[in-house]
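A quick write-up on the structure given underneath.
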């Protein structure tokens, strides 16, 4: 486990004296707090009030200043997700000739459904190519 500088001094006594019902997830949640005295204060509050790890994390998040910036990487647009899914499916069929042979062996109704799906897919891909210029 990697600990931030000074974390062990602050939470060490709490780990040593913690109640059996307080898992180490509480101490992991406390790593989000930089100021040692505040970390100790919040840890004591959690112990006194019997907060679960989720309660403690929520309390810490609520104390964090709201920057208005979303955390993590931005979500991909639905169109990019869709095209990635199509690409993944296409690349799983590494042998195009064998794939075409298997499709040719499908019942006529299944082949008709695939033809309709392929036509709709071509329309989507053509519209995407046109939008991209």
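The values are calculated or read from the model by the stated rules, or taken from the named source; none is laboratory data. As the structure is a prediction and not an experimental result, all values here were calculated from the model. All Cβ positions, glycine included, derive from the backbone under ideal geometry; neighbour counts span all protein chains shown.
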> Is at least one residue of the stretch 27-43 surrounded by 11 or more Cβ atoms within 10 Å (Cβ to Cβ) and either closer than 30 Å to residue 132 by Cβ or modelled with pLDDT under 80 (or both)?
Replying inline: yes
>> Name the single residue that is farthest from residue 128 (Cα to Cα) among those in the stretch 78-117 being under 35 Å from the mean Cα position of the chain (by Cα) and in a loop (DSSP other than H, G, I, E, B).
In response: 95
